[in-house]
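The values are calculated or read from the model by the stated rules, or taken from the named source; none is laboratory data. Worth saying up front: this structure is predicted, and the values here are computed from it rather than measured. Note: ideal-geometry Cβ built from the backbone for every residue, glycine included; neighbour counts use all protein chains shown. Just the protein is used for accessible areas: all its heavy atoms, side chains included, with ligands, DNA and RNA removed. Shrake-Rupley method; radii C 1.70, N 1.55, O 1.52, S 1.80 Å.
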Amino acid sequence: MPSLADTAPDRRRYDMSCPIACALDLVGERWTLLILRELLPGPLRFSEIKGAVPGINATILSRRLDQMASEGLVGLAEMGSTTGYAATARALTLWPLLFTLAVFGLQTPAQATTGGLTPVAAVTAFIANRPAKAPRLTIGFSLGGPRLEWQPDHRAPLLRKPGRAALEITTAPDLLYGLVTGQNRWAEVQDRLTLEGEAGAFLDHLPG
């Protein structure tokens with residue numbers, strides 16, 4: 001349940017006069033960036049965060065959220081009759097870092113796995129690894145959860161929101177991720193995607 005304690009639990013820090021070390025003091029703890037990956041597009045309930053970050057137990061998640069709140073990265077958010085968690089304006093500045101890490105991760109052998117793949121993770125990989133030639137379109141993604149919308153020139157470029165974009169993609173997260181990593185070939189899986197709007201631009205977003 002939401003608590004967001006006033007002070008963060010004890011944790012190890014680098015305590016170095018280095019901006020990289022200072023940043024890692026805030027986001028280098030295990031699970032922190034994965035929690036933010038799911039919160040940056042919009043607020044989530046505790047159970048939704050836990051479901052999107054396989055392997056984390058409720059106690060650790062609660063503790064991590066309290067730490068992140070004390071450091072100005074998350075806050076409480078009203079979600080109908082319940083309370084959830086939302087990324088702060090400060091946390092939104094981490095989008096470029098997440099995309100850079102996604103590109104770096106896609107270049108490692110471990111990228112072939114789809115374990116724990118969420119719609120947000122699949123879209124992040126798709127956008128982060130798109131070729132420079134790809135048009136900067138607003139794109140909607142329906143991947144089995146709430147619709148996600150990529151707005152390339154927006155401060156918060158990936159949002160959970162209803163609507164209609166220039167290109168709408170409906171498929172499964174693992175299929176989209178497979179196209180990014182080369183596990184899936186377009187000719188073999190195209191009947192498992194639905195494209196609406198600027199459908200021809202979809203192939204421009206695929207690597208290679």
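Here is how the numbers come out for the structure above:
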{"item": "The chain: antiparallel DSSP beta bridges as a percent of all, rounded to 5", "result": "80 percent"}
{"item": "1.4 Å probe accessible area per residue over region 87-156, in Å²", "result": "48 Å²"}
{"item": "Charge dipole of the chain about the Cα centre (unit charges at C-beta), most positive-ward option of Thr170, Ser70, Leu203", "result": "Ser70"}
{"item": "Alpha-carbon spread of region 26-133, three principal axes, descending order, Å", "result": "43, 27, 27"}
{"item": "Histogram of C-alpha separations across region 97-208, 10 Å bin width, %", "result": "14, 53, 32, 2"}
{"item": "Within the chain, helix-based [θ] at 222 nm, where runs of 4 or more DSSP H residues each add -39,500 (n - 2.57), nearest 500", "result": "-10500 deg cm²/dmol"}
{"item": "Percent accessible area from carbon and sulfur atoms, the chain, protein chains only, probe 1.4 Å", "result": "54 percent"}
{"item": "Burial order of peptide ranges 115-125, 186-196 (average beta-carbon count within 10 Å, highest first)", "result": "115-125, 186-196"}
{"item": "Relative contact order (%) - region 136-199, alpha-carbon pairs under 8 angstrom, separation at least six", "result": "31 percent"}
{"item": "Compactness of the chain, expressed as Rg and Dmax over alpha-carbon positions, Å", "result": "17.7, 54"}
{"item": "Burial order of peptide ranges 95-101, 131-137, 67-73 (average beta-carbon count within 10 Å, highest first)", "result": "67-73, 95-101, 131-137"}
{"item": "Relative contact order computed over the chain (Cα-Cα under 8 Å; 6+ residues apart), in percent", "result": "18 percent"}
